[in-house]
Amino acid sequence: MTDKVDGIALPAYIRSTFVDSPIPMGIFDREGTQITVNAAMIRLWNLPPDTVGHFNMITDPQLAAAGSAEHHRRVMQGETVVLPPHAFDSYEAGLQMTGAQRRWVETTFFPLRNASGAVTHLGSLLRDVTHEVDQRLAIEAARTEIEAQRDTIESLSSPVVQIWHGILTMPLIGAIDSRRAQNITANLLEAIAARRARSVILDITGVPVVDTQVAQLLIQTAQACRLLGCEVALVGVGVEIAQTIVQLGVDLISLVTLADLQAGIAWAFRLQGLAVVQTVGGRPATRR
């Protein structure tokens, strides 16, 4: 026993499957015109009853931009074409009078054949993946925001401060991993070049742990600074950090190490032939 769906002869059980399937399904003719859809397709896009016969997958701008003409051609030659998740707006396509109905769907186009085996129509199966895609996009957006916030925090926790003409200081605060180490070096070198600094004071008072990685960072940063003609002093080395460095066997002989920031400033002034003196009025001043 056979029955027809818009003129297409189908066995009764296949017709029942098409009509009652919870999977959105549609059928297109050889010219790309949609000639029938099932109830699930109507629910998916909130389609009005007169949609059928007025939508063409080949000429629709949204589908055409994704290669619908080629997809239709391949299916009519007997291929099955599976499309990854893509967005479609039924309002933009003119299928609705009001309101937007944008969904993300996975689509399978497959050939429908007559009794002699010739391809007569294109069938389509849709899977609504809007929820999954929206979740993925939300996660990606959240990750991007977290990365931006992390970059902001890192820049705030490792500021480059000009304390005098040609003298910069960078107070390092918190743990330092390889990613942050690269940012520290890059920010410092950019500041040296932009401000034509002659000396830099690295203050590690706020760094809780100095391991081999951090020690190597300090050495490499100092070497990079010297290549730009800028000397580097390390200040804020506490007793525990000093013991750790000795235990690690890290050689910091290439670095100038001083007790605190005040000593670092005095060192930087001496490099420029400057000194801080006490004036008669009690206010400090610099002199050469």
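Only one of these conditions is not met by ARG127: (1) closer than 15 Å to TRP45 by Cβ; (2) at pLDDT below 95. Which number is it?
Of everything listed in (1) closer than 15 Å to TRP45 by Cβ; (2) at pLDDT below 95, ARG127 misses just condition (2).
Only one residue in ALA197, ALA242, ALA193 is over 16 Å from SER158 (Cα atoms), crowded, with 20+ Cβ neighbours inside 10 Å and free of Cβ contacts under 8 Å to residues at least 60 places away in the same chain, so which one is that?
Result: ALA197 is the single residue among ALA197, ALA242, ALA193 that is over 16 Å from SER158 (Cα atoms), crowded, with 20+ Cβ neighbours inside 10 Å and free of Cβ contacts under 8 Å to residues at least 60 places away in the same chain.
Take the stretch 64-88 and flag every residue that is surrounded by 14 or more Cβ atoms within 10 Å (Cβ to Cβ) and within 25 Å of the chain's Cα centre (by Cα).
ALA66, LEU83, PRO85, HIS86, PHE88
Do you know which residues across the stretch 123-136 are free of Cβ contacts under 8 Å to residues at least 60 places away in the same chain and either part of a strand (DSSP E or B) or more than 13 Å from ALA87 (Cα to Cα) (or both)?
Across the stretch 123-136, the qualifying residues are GLN135, ARG136.
Could you tell me which of the residues GLN262, GLN213 is in a helix (DSSP H, G or I) and either touching a Leu at 6+ places or on another chain (Cβ under 9 Å) or without any contact (Cβ under 8 Å) to a residue 12 or more places away in the chain (or both)?
Residue meeting the stated conditions: GLN262.
Can you pull out every residue in the stretch 24-41 that is within 18 Å of ASP89 (Cα to Cα), touching a helix residue (DSSP H, G or I) at 6+ places or on another chain (Cβ under 8 Å) and free of Cβ contacts under 8 Å to residues at least 24 places away in the same chain?
The answer is GLN34, VAL37.
Only one residue in LEU227, LEU258 is over 19 Å from PRO159 (Cβ atoms), modelled with pLDDT of 85 or more, in contact with a Gly (Cβ under 8 Å, 6 or more places away or on another chain) and of a type outside the set (Val, Ile, Thr), so which one is that?
One residue alone meets the criteria, LEU258.
The values are calculated or read from the model by the stated rules, or taken from the named source; none is laboratory data. Just so it is clear, the model here is predicted, and its values are computed rather than measured. All Cβ positions, even for glycine, are placed from backbone atoms using ideal geometry, and neighbour counts span all protein chains on display.
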